[in-house]
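The values are calculated or read from the model by the stated rules, or taken from the named source; none is laboratory data. Here the structure is a predicted model, which means the values were calculated and not measured. Cβ placement follows ideal geometry from the backbone for every residue including glycine, while neighbour counts extend to all protein chains displayed. Calculation scope for accessible area: heavy atoms of the full protein, side chains included, ligands and nucleic acids excluded. Shrake-Rupley method; radii C 1.70, N 1.55, O 1.52, S 1.80 Å.
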Amino acid sequence: MALRCTAPPQITAERLARRTGGVSDADQAIAATMAARTAPWPEATEIDTGTTVEQALERALAAIHPPSAVVARRFRRPQLEPG
């Protein structure tokens, strides 16, 4: 199962602005370059991370483990042959 995390541009810009400038922190220029170069990924399920962590996690888990369909089961008593 492939998941692609996305968020609206305004939210990603706000998150980038709050970064502390560590070695691995991207800035708006890097984000723009990545967005321009990102190839389509149609087989991935898109997860909106522009919400709370709990909501994004709930969506991701639902994509990985969808609620199972209710399947009617018929239980039959075993039939023994006479004798």
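With r defined as the distance between the Cβ atoms of residue 32 and residue 57 and R0 fixed at 22 Å, what FRET efficiency is calculated, to the nearest 0.05?
That gives a FRET efficiency of 0.20.
For residue 3, enumerate residues with amide H under 5 Å from its amide H, sequence gap 5+ or separate chain, H modeled in the peptide plane.
45
How would 1, 34 line up by accessible area, probe 1.4 Å, largest first?
My answer, sorted largest first, is 1, 34.
Note down the nm distance, to one decimal, between modelled labels 7 Å out along Cα→Cβ at residue 43 and at residue 5.
2.2
Quick one: which residues, 5 or more positions from residue 50 or on another chain, have an amide H under 5 Å from its amide H? H modelled 1.01 Å from N in the peptide plane, none for Pro or chain starts.
none
Considering only protein heavy atoms, what is the solvent-accessible area of residue 19 at a probe of 1.4 Å, reported in Å² to the nearest 10?
Roll a 1.4 Å probe over it and residue 19 shows about 110 Å².
At a 1.4 Å probe, what is the % contribution of carbon and sulfur to the accessible area of segment 1-74?
C and S fraction of accessible area: 58 percent.
Could you derive backbone 3J(HN,Hα) for segment 14-21 from the dihedral phi with the Karplus parameters 6.51, -1.76 and 1.60 (θ = phi - 60°), listing whole Hz in sequence and x where the residue is Gly or Pro?
Values per residue, Gly and Pro as x: 5, 5, 5, 5, 7, 5, 8, x Hz.
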